[in-house]
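Asker: Sending over a structure as structure tokens; questions will come in a sec.
Nothing in this text is a laboratory measurement; each read-out follows from the coordinates by a stated rule. All of these numbers come straight from a predicted model, not from anything done at the bench. In this analysis, Cβ positions are derived from the backbone assuming ideal geometry, glycine residues included, and neighbour counts consider all displayed protein chains.
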Amino acid sequence: MGEVFDVLLVSPTSRGMGGIAQHVEGLANRLAGRGYRVCVVSSENTPILRVKGLKNPSFMVSSTVRSISMRARVVHAHNIPAAPAMRFSDAGRRVLTLHGVYAEQVGLLHGGLLGAAASLAERVSVRWADVSTTVSRQVAQVYRRLGLEVVYVPNAVDVAGGGLEGVRVGEVQAVYVGRLSREKNVEAVVELARRIPGAAFVVVGDGPEAGKLRKAAKDVRNIFFTGGVSRRTALQYIKGSDVLVLPSLMEGLSTVVLEAMALKTPVVASKVGGNVELIQDGRTGLLVNPRDLENLTEAVSTLLNDRSQARRIAENAYRHFLENYSWDVVLPKYLKVYGLE
């Protein structure tokens, strides 16, 4: 008989800048720190086809094949592509975490037909789990309206802000950190740079829209693209900035917003998904209407110009983070879901 793990974590990704990756990495580290035997199955240690459109389907197959032979007290899958591995692993308890409304994400990126197929996959996958969790209350409400039982357990981040040195490329600086993909609406950041020429705008990350965005910004002198960087470097850009901008069209519970809160960098974010849970408009950040460039420009300009308001918002957000989204708060919620404590 092979080793029996306390927790088997299955996720399409477990390292890097992405929100799911950081969540899984943090959860694995915290569980191991408590003395639990943890194994992570992800694309970083499991073969996949690294071709656009085939990464998640190939991970479904390879992770399932690998997990069939593994034994654990708890298997915890993150998002629908990890659900088959959860279903067929040898585990006493099955947990599925939904990091957003999967069918909506697929529909936006790949069209209505695949979105409908993803909706069916959601309904089936949730019923495979003993417990399904969501990272935001808004996502929990969506699934409950579909008649599915879910438990709200928020994302958490672990940021050692005191040991970081901020990175600046301009005297006044705004930053976007995340995947360069359509649902993130990063073209709005390019337009912001045009409209606010007195500030430097740093775009941190990579993704399928990178070439298109660089082309759109070729005549904008105050925008800088870093490409893919380490998480530590991304955090240094956040800490060194006067405001973090997140103009997404959809979000689960944004890890980068939590990181900015932990680093006392005020946030301007679109009024979608979990952003409305993290941010109380005017108190812990500023919320803007999605696709409303005038609204976005006004909010970013306000925080860049009114440093007193920016500091007040940053301090309020930091306290809100400590009270609700640190691992000290979130880990016990997972242990309860697991039935381990």
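Asker: Using the Kirkwood radius over C-alpha pairs as Rh, can you work out the diffusion coefficient of the chain via Stokes-Einstein at 20 °C, viscosity 1.002 mPa s, in µm² per second?
Answerer: 105 µm²/s
Asker: First check a/c for the range 161-324, with a ≥ b ≥ c the square roots of the eigenvalues of its C-alpha gyration tensor; if it is under 1.5, answer rounded, and if not, answer prolate when a/b is larger than b/c or oblate otherwise.
Answerer: Rounded, because the longest to shortest axis ratio a/c is under 1.5.
Asker: Follow-up question, since we're still on this one. Kindly work out what percent of the DSSP beta bridges joining two residues of the range 161-324 are antiparallel, to the nearest 5.
Answerer: 0 percent
Asker: Quick one: 3J(HN,Hα) in Hz for the range 240-252, Karplus 6.51/-1.76/1.60 with θ = phi - 60°, rounded, Gly and Pro as x.
Answerer: x, 9, 8, 7, 9, 10, 10, x, 4, 8, 8, 8, x
Asker: Here's another thing I want to ask about it. Using Cα centres only, tell me the gap between the range 48-93 and the range 184-230 in whole Å.
Answerer: 35 Å
Asker: Could you give the length gained on full extension between LYS52 and ARG127, defined as 0.36 nm per residue of separation minus the Cα-Cα distance, in nm?
Answerer: 24.1 nm
Asker: Given R₀ = 41 Å, what would the calculated FRET efficiency be for ARG214 paired with TRP327, taking r from the Cβ atoms and rounding to 0.05?
Answerer: Efficiency for this residue pair is about 0.70.
Asker: Enumerate by residue number the GluC sites (Glu not before Pro) in the range 165-255 meeting two conditions: DSSP loop (anything except H, G, I, E, B), and at most 13 other Cβ atoms within 10 Å of the site's Cβ.
Answerer: Of the GluC sites (Glu not before Pro), the ones in loops of the range 165-255 whose Cβ has at most 13 other Cβ atoms within 10 Å are GLU165, GLU171.
Asker: With each label point set 7 Å from Cα along the Cα-Cβ vector, what nm distance links VAL151 and ASN305?
Answerer: About 4.9 nm, to one decimal.
Asker: Could you state the angle between the C-alpha long axis of helix 293-305 and the longest principal axis of the C-alpha atoms of the chain, as a value from 0 to 90 degrees rounded to the nearest 10?
Answerer: Here the helix axis deviates by roughly 70 degrees.
Asker: Using 0.36 nm per residue, how much length does the chain from GLU191 to GLU341 gain when fully extended, once their Cα-Cα distance is taken away?
Answerer: Going from the current span to full extension adds 49.0 nm.
Asker: Please give the calculated 222 nm ellipticity per residue for the chain, where each DSSP H segment of at least 4 residues contributes -39500 (n - 2.57) and the sum is spread over every residue; nearest 500 deg cm²/dmol?
Answerer: -13000 deg cm²/dmol
Asker: Could you tell me how many degrees, from 0 to 90 and to the nearest 10, lie between the Cα long axis of helix 307-324 and the main elongation axis, the longest principal axis, of the Cα atoms of the chain?
Answerer: Tilt of helix 307-324: around 10 degrees.
Asker: Could you check the simple spin-label distance between GLU165 and LYS271, using points 7 Å along Cα→Cβ, in nm with one decimal?
Answerer: If labels sit at GLU165 and LYS271, their model points lie 4.2 nm apart.
Asker: Considering the dipole of the range 161-324 built from charges on the beta carbon (Lys and Arg +1, Asp and Glu -1) around the Cα centre, which of VAL220, THR297, PRO266 is farthest to its positive end?
Answerer: VAL220
Asker: Moving on to the next point. Could I have the simple spin-label model distance between LEU249 and GLN280, label points 7 Å from Cα toward Cβ, reported in nm to one decimal?
Answerer: Label at LEU249, label at GLN280, 3.2 nm between them.
Asker: Hey, got the dipole for the chain? About the Cα centre, +1 on K and R Cβ, -1 on D and E Cβ, debye to the nearest 20?
Answerer: Value, rounded to 20: 520 debye.
Asker: Given all pairs of different Cα atoms, what value in angstroms does the Kirkwood hydrodynamic radius of the range 113-182 take?
Answerer: 16.0 Å
Asker: Can you compute the label reach from ASN45? Point 7 Å from Cα along the Cβ direction, backbone N cut-off under 20 Å, restricted to the range 217-254.
Answerer: 231
Asker: Specify the angular offset, from 0 to 90 degrees and rounded to the nearest 10, of the alpha carbon long axis of helix 55-68 from the longest principal axis of the alpha carbons in the chain.
Answerer: Approximately 30 degrees, to the nearest 10.
Asker: For LYS52, give me every one of the aspartates and glutamates with a C-alpha distance below 15 angstrom, ignoring sequence neighbours fewer than eight places off in its own chain.
Answerer: ASP206, GLU209
Asker: Between the alpha-carbon centers of the range 12-26 and the range 282-341, tell me the distance in whole angstrom.
Answerer: Here the two parts' Cα centres lie 20 Å apart.
Asker: Under a straight-distance cross-link criterion of Cα-Cα below 28 Å, which lysines are reachable from LYS264, leaving out those fewer than 8 residues away in the same chain?
Answerer: LYS184, LYS239, LYS333
Asker: How big is the range 1-71 on each of its three principal axes, counting only the C-alpha atoms and giving the largest first in Å?
Answerer: Computed over the range 1-71, the largest-to-smallest principal extents equal 38, 33, 12 Å.
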